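Notes for the one structure printed next.
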Amino acid sequence: MLLSCFIRLFEINPEGKVPIVKLEEKWIGDSDVITQALEEKYPEPPLATPPEKASVGSKIFSTFIGFLKSKDPSDGTEEALLNELTSFDSYLKDNGPFINGGIISAADLSLGPKLYHMEITLGHYKNWSVPDSLSYVKTYMKVCIHVLHNDL
């Protein structure tokens with residue numbers, strides 16, 4: 001079963017990249033192009049993220065990669081990731097539930113899946129997960145995955 005899913009993925013998108021989405025009988029395999037196509041097809045509510053909010057959470061993925069690649073538990077990479085996640089948690093507490101407040105935006109469509117991949121990857125390779133104390137981040141991750149799986 002799993003093998004047939006991978007075969008189908010490579011038939012649809014030979015580069016094997018995800019995410020992919022089918023809109024109007026056409027498969028799209030690039031998240032930026034997906035966002036643009038959704039914005040054109042469904043202009044309301046707008047997906048555009050206001051410029052002053054576009055960089056919210058933007059350092060999380062790079063600090064995740066640093067921690068993932070780290071072989072030295074005392075090199076500060078885990079702390080750097082926790083600092084970014086804590087900052088994001090605080091932002092969501094004051095401004096959420098999404099980056100642009102009450103409506104999902106392109107920034108969420110980009111960051112949400114990255115956080116999901118971060119949690120899965122670090123769980124597997126480092127036995128690590130987002131601390132329960134970061135409740136706004138944990139809720140954000142659940143809501144983003146729910147939206148991406150059910151509403152698009």
Touching a helix residue (DSSP H, G or I) at 6+ places or on another chain (Cβ under 8 Å), among the acidic types (Asp, Glu) and surrounded by fewer than 13 Cβ atoms within 10 Å (Cβ to Cβ), is that true of Glu44? no
Evaluate the following for Phe67: is it closer than 30 Å to Lys22 by Cβ and either in contact (Cβ under 8 Å) with a residue 12 or more places away in the chain or in contact with a Leu (Cβ under 8 Å, 6 or more places away or on another chain) (or both)? no
Looking only at the range 94-143, count how many residues are assigned to a loop (DSSP other than H, G, I, E, B), of a type in the set (A, V, I, L, M) and within 20 Å of Gly66 (Cβ to Cβ). 2
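Each value in this text was obtained by applying a stated rule to the coordinates, not by laboratory testing. Being a predicted model, the structure only gives us computed values, none of them experimental. A quick note on method: Cβ atoms are made from the backbone with ideal geometry, for glycine too, and the neighbour counts reach across all protein chains shown.
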